[in-house]
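The values are calculated or read from the model by the stated rules, or taken from the named source; none is laboratory data. Note that the coordinates shown come from a computational prediction; the quantities given were computed from them, not determined experimentally. Reconstructed Cβ throughout: ideal geometry from the backbone, glycine too, with neighbour counts over all protein chains shown. SASA here: full protein model, heavy atoms, side chains in, ligands and nucleic acids out. Shrake-Rupley method; radii C 1.70, N 1.55, O 1.52, S 1.80 Å.
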Amino acid sequence: MKKLTILFAFLLVVGFSTNAFAQANVTATASTTATIVTPLGISKTVDMNFGNVATNGVAGTVVLTPAGTRTSTGGVTLPATAGSPAAASFAVTGLGTYTYAITLPASPITLAGTTAGVTAGTFTSTPSGTGALTGGAQTLLVGATLNLPASTVAGSYTNVNSLAVTVCYN
């Protein structure tokens, strides 16, 4: 019986000691940081202007490139007295050399005047799609195609809905 009591005592000690050597929960910690960067900004510096355009009663277009040059199609001509054609220009500002995405209007914008149906669409830009800041700034130029119906009469035409250009950090 003495051997049995010693064996039982031994088993109790061994049983409790394995629990004592079981792995305890361990914890590690990490730092949490954030860097808030200068917000990306955009402001218009020059309005888009297709300049003086003549039409002969046939539908046509005027393509104004981001560089400010114009070409015409259909019944539209560009008189020698050009007016003040200019691509829209925007100042984009932000942090250092960050890149940003450019979103131009997907749908044509309506120009109100004497004739209905005059629109500007097929917008293009320089840079195109993605811009890259240099020293926290870049100029964004936007051109478009002016669509003139055959019935267009002389007059001044101005956009009804805005030419909205959106920029967002990549």
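Some observations on this one:
- Segment 149-165, residues that are under 17 Å from N49 (Cβ atoms) and either under 17 Å from the mean Cα position of the chain (by Cα) or free of Cβ contacts under 8 Å to residues at least 24 places away in the same chain (or both): S162, L163, V165
Each row is one residue, and each column tells you yes or no for (1) open to solvent by 30 Å² or more (accessible area, probe 1.4 Å); (2) at pLDDT 95 or above.
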{"site": "G57", "(1), (2)": "yes, no"}
{"site": "R70", "(1), (2)": "yes, yes"}
{"site": "V76", "(1), (2)": "no, yes"}
{"site": "Y100", "(1), (2)": "no, yes"}
{"site": "L104", "(1), (2)": "yes, yes"}
{"site": "S107", "(1), (2)": "yes, no"}
{"site": "L111", "(1), (2)": "no, yes"}
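- Output for segment 152-170, where each listed residue is of a type in the set (V, I, T) and under 22 Å from A59 (Cα atoms): T152, V153, T158, V160
- Cross-chain or 6+ apart pairs with Cβ under 7 Å, segment 42-67 first and closer than 15 Å to T158 by Cα, then in a loop (DSSP other than H, G, I, E, B) and open to solvent by 60 Å² or more (accessible area, probe 1.4 Å): N49/S84; G51/S84; N52/T81
- Number of residues in segment 157-169 that are open to solvent by 70 Å² or more (accessible area, probe 1.4 Å) and either at pLDDT 95 or above or closer than 30 Å to Y98 by Cα (or both) equals 4.
- Scanning segment 78-98 for residues that are open to solvent by less than 70 Å² (accessible area, probe 1.4 Å) and part of a loop (DSSP other than H, G, I, E, B) turns up L78, P79, A82, G83, P85, A87, G94, L95, G96.
- In this entry, V62 is excluded by the filter for residues that are surrounded by 19 or more Cβ atoms within 10 Å (Cβ to Cβ), closer than 30 Å to Y169 by Cα and under 30 Å from the mean Cα position of the chain (by Cα).
- Of all the numbered requirements in (1) in a strand (DSSP E or B); (2) under 30 Å from the mean Cα position of the chain (by Cα), G74 misses one, and that requirement is (2).
- Given (1) aliphatic (A, V, I, L, M); (2) in contact (Cβ under 8 Å) with a residue 40 or more places away in the chain; (3) farther than 30 Å from A59 by Cα, index of the condition A132 fails: (2)
- Scope segment 123-148; condition over 13 Å from the mean Cα position of the chain (by Cα) and either loosely packed, with under 15 Cβ neighbours inside 10 Å or under 19 Å from Y169 (Cβ atoms) (or both); matching residues: L133, T134, G135, G136, A137, Q138, T139
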